[in-house]
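Everything on this sheet refers to the single structure shown next.
Nothing in this text is a laboratory measurement; each read-out follows from the coordinates by a stated rule. From a predicted model like this one, the values you see are computed outputs, not experimental measurements. All Cβ positions, glycine included, derive from the backbone under ideal geometry; neighbour counts span all protein chains shown.
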Amino acid sequence: MKKLKIGLVLFAGTFAFQELTAQNISGKLVDENNQPLPYANVVLLSLPDSTFISGTISNENGSFTLQATSEKQIVRISSIGYATIYKPIHPTDMGIVQLTSDAQLLGEVIVKGNLPVTRMKGDAMVTSVENSVLSKAGSANDVLGKIPGITKTQDSYEVFGKGTPLIYI
């Protein structure tokens, strides 16, 4: 009789333990137009410190399933362009969860670009001084001293690794 009581307690305890450790959390994500929201991030977080427990993404029709391991957990649902939602894990069937748009409009955008001042053209190195900072460098000697790869040696100039350059103005 004593063995039967112990067996029943162990058997009942096993089911109670499984009930606490395995809860499937499910739901379906939709956007503001009630269209399925595929590939949204669904993350299970532990309370109180929001430690990552597990995660998944919603499938093509917006459905997701996660397995909770504790009572003290929350679900974070996020997707690019939508506001992040935090939901408790109870009830375990979240039903339809609607995400709202979180779009931000940019003001004016200006894209600027400059051609490189010095570039290689065949075997020659061409430096354009017009409309560059080099145009404010002073005399022609000052400009030549500021061009990359050119060094001044006493009264002449040398191109690094090439020797004396031919200079056309």
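Can you give the local net charge around LYS152? Use residues other than it whose beta-carbon is closer than 13 angstrom to its beta-carbon, Lys and Arg +1, Asp and Glu -1.
Numbers: positive: LYS146; negative: ASP142, ASP155, GLU158.
With Lys, Arg at +1 and Asp, Glu at -1, the neighbours total -2.
Using the Cβ atoms and a cut-off under 15 Å, what net charge is assigned to the surroundings of SER139, where Lys and Arg are +1 and Asp and Glu are -1? Walk me through the intermediate numbers first.
Values: positive: LYS136, LYS146, LYS152; negative: ASP142, ASP155.
With Lys, Arg at +1 and Asp, Glu at -1, the neighbours total +1.
Nearest 10 degrees, 0 to 90: what angle lies between the long axis of helix 2-21 and the longest principal axis of the chain (Cα atoms)?
30
Just the Kirkwood number for segment 24-98, please: inverse of mean 1/r across all distinct Cα pairs, in Å, one decimal.
Values: mean 1/r = 0.0822 Å⁻¹.
Value: 12.2 Å, from the Cα pair sum.
Rounded, prolate or oblate, given the Cα gyration tensor of segment 118-159, with a/c below 1.5 counting as rounded? List each step's numbers first, then the result.
Numbers: a/c = 2.67, a/b = 1.03, b/c = 2.58.
Judged from the Cα gyration tensor, segment 118-159 comes out oblate (a/c at least 1.5, b/c at or above a/b).
Report the label-to-label distance for ASN131 and THR56 in nanometres (one decimal), using points 7 Å from each Cα along the Cα→Cβ vector.
5.9
How long is the gain from LYS121 to THR84 if the chain were fully straight, where each residue apart is worth 0.36 nm and the alpha carbon distance is subtracted? Each step should come with its number before you reach the end.
Details: separation 37, 0.36 × 37 = 13.32 nm, distance 5.31 nm.
Fully extending the segment from LYS121 to THR84 adds 8.0 nm.
Stretched out fully, how many nm does the piece from ASP93 to ILE167 gain, at 0.36 nm a residue minus the Cα gap? Walk me through the intermediate numbers first.
Values: separation 74, 0.36 × 74 = 26.64 nm, distance 7.89 nm.
Gain on extension, ASP93 to ILE167, equals 18.7 nm.
Could you give the semi-axes, largest first, of the ellipsoid that matches the chain, computed as the square roots of 5 times the alpha carbon gyration tensor eigenvalues and rounded to whole Å? Let's see the in-between values first.
Details: eigenvalues 1062, 109, 34 Å².
Three semi-axes, in Å: 73, 23, 13.
Within the chain, how many Lys pairs that are eight or more residues apart, or on different chains, come under 14 Å at the alpha-carbon? Don't skip to the answer; put the middle values down first.
Details: LYS28/LYS87; LYS72/LYS87; LYS136/LYS146; LYS152/LYS162.
Number of lysine pairs found: 4.
Given the rule -39500 (n - 2.57) for each run of at least 4 DSSP H residues, summed and divided by the residues of the chain, what is its mean residue ellipticity at 222 nm, to the nearest 500 deg cm²/dmol?
Details: 2 runs with 27 residues, N = 169.
My calculation for the chain gives -5000 deg cm²/dmol from helical runs alone.
Using the crude model of +1 on Lys and Arg Cβ and -1 on Asp and Glu Cβ, and no other charge, please compute the dipole size for the chain relative to its Cα centre, in debye to 20.
Working: 14 positive and 14 negative charges, 126 e Å.
It comes to approximately 600 debye.
Sort 86-96, 60-70 by the packing proxy (mean of other Cβ within 10 Å over each peptide's residues), most packed first.
Highest to lowest by the protection proxy: 60-70, 86-96.
Got a sec? How would LEU105, LEU144 order by Cβ neighbour count within 10 Å, fewest to most?
Details: LEU105 4, LEU144 19.
Least crowded to most crowded, the residues run LEU105, LEU144.
Set the Förster radius R0 to 25 Å, insert the Cβ-Cβ distance between ALA103 and ASN24 as r into 1/(1 + (r/R0)^6), and round the FRET efficiency to 0.05.
On the way: r = 33 Å, r/R0 = 1.32.
Given R0 = 25 Å and the Cβ-Cβ separation, E is 0.15.
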